[in-house]
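Input: a single structure, listed below in structure tokens.
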Amino acid sequence: MSAVLAPLPVAAPASPEIRPLPGALGAEVVGLDLSRPLPEADFRRIHQAHLDHHVLVFRDQRISPAEQVDFSRRFGPLQIHVLKNFQLAGHPEILIVSNILNDAGQPLGLGDAGHYWHSDLSYKDKPSLGSLLHAQELPSEGGDTLFADQHAAYDALPEDLKARIAPLQAEHSYLAKYEELRARSPWRPKLTQAQIDEVAPAIHPVVRTHPETGRKALFVSEHFTTRILGLSEDESRALLDELFAHSVQPQFLYRHVWRPHDMVFWDNRSVMHLAAGTPDHLQRKLYRTTVEGDRPY
């Protein structure tokens, strides 16, 4: 009678590796397949890494739109962008970021997203916690995304300037540069009155406190911040220009050079970002989900 061999133990999948990127901020998440169930312990590690590094790069993610939505939702409710004509069919939570025109010559997605430094949806009463951008089609050159650490920017301010801006609040408006962008590109449609009502300006502190880490960060951007309350127009503009210039100095930056199937998840409470630009003759398409955050304080 032959012996019955016991089945070999099945090795547990290895936990993903978090590799800090060289420079001011950011980390790679390696060895993770988001098309598979994510154990709670691994999710907690990713959550903590997001707080520690502000920008996470998930390599080689061959996931469906539904899987991107499901992963994004683990961090909180998802926000729907006001430009609903650029939603992915069947997935309203996904904004198409693309410079591709369809067969009728109409934009497939928002082709000039990220033209100015900004934090996503800062013009909302509850701005975004974070955004996840998944590469679908990348150009052979260009298309990089820059990120600026606003905790480091705040920490580097002179103490007298910190004291000056501590009590100040600023207005954020989606419409601040909308018509300017619309006039120079085909990507932005004329907004309806209902859309304009949906993006009424919001008031937020110039310095916000991160609700999970307690760290302070600058929270103004050249794209959406229109004025500082309680100051004259000239004083407001001069202070905003000073803060803008300070906040994107090279020592605060990480430049992401996209690879196929990258998904990048950044903390809008901690960083601003900027699209470095794609040559007009090259195509770029990415899918973005945006997680709702808290009212800044």
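The values are calculated or read from the model by the stated rules, or taken from the named source; none is laboratory data. Everything numeric here is computed off the predicted structure, so don't read it as measured data. Neighbour counts run over all protein chains shown; Cβ positions are idealised from the backbone, glycine included. Keep in mind that these areas ignore ligands, DNA and RNA; they rest on the heavy atoms of the full protein, side chains included. Shrake-Rupley method; radii C 1.70, N 1.55, O 1.52, S 1.80 Å.
Could you count how many Lys pairs in the chain have their Cα atoms under 28 Å apart, skipping same-chain pairs fewer than 8 positions apart? Counting lysine pairs in the chain gives 21.
In terms of Cα atoms, the Rg and Dmax of the chain work out to 20.7, 95 Å. Annotation: per residue accessible area for the chain equals 47 Å², rounded to a whole number [probe 1.4 Å, protein chains only]. Packing order of peptides 209-216, 81-88, highest average first: 81-88, 209-216 (average count of other Cβ atoms within 10 Å over each peptide's residues).
When a/c reaches 1.5 or more, the comparison of a/b and b/c decides; with that in mind, is the stretch 244-297 rounded, prolate or oblate per its Cα gyration tensor? In terms of gyration-tensor shape, oblate. Taking a ≥ b ≥ c as the square roots of the eigenvalues of the Cα gyration tensor, the stretch 125-165 is oblate, since a/c reaches 1.5 or more and a/b is not larger than b/c. Once you place label points 7 Å from the Cα toward the Cβ at residue 48 and residue 246, how far apart are they in nm? Reported label-point gap for residue 48 and residue 246 is 3.3 nm. What you get for the stretch 48-156, charging only the Cβ of Lys and Arg (+1) and of Asp and Glu (-1), is a dipole of about 380 debye around the Cα centre. How far is helix 40-53 tilted off the main Cα axis of the chain, in degrees rounded to 10, range 0 to 90? The two axes meet at around 30 degrees. In this entry, the stretch 153-297 is assigned a mean projected area of 11.0 nm², taken as a quarter of its C-alpha convex hull surface. Rounded to the nearest 20, the size of the Cβ-charge dipole of the chain about its Cα centre is 400 debye, with Lys and Arg at +1 and Asp and Glu at -1. Of the solvent-accessible surface of the stretch 98-243, computed with a 1.4 Å probe over protein heavy atoms with every protein chain present, carbon and sulfur atoms account for 49 percent. When each of the peptides 191-197, 275-281 is scored by how many other beta carbons lie within 10 Å of its residues on average, the order from highest to lowest is 275-281, 191-197.
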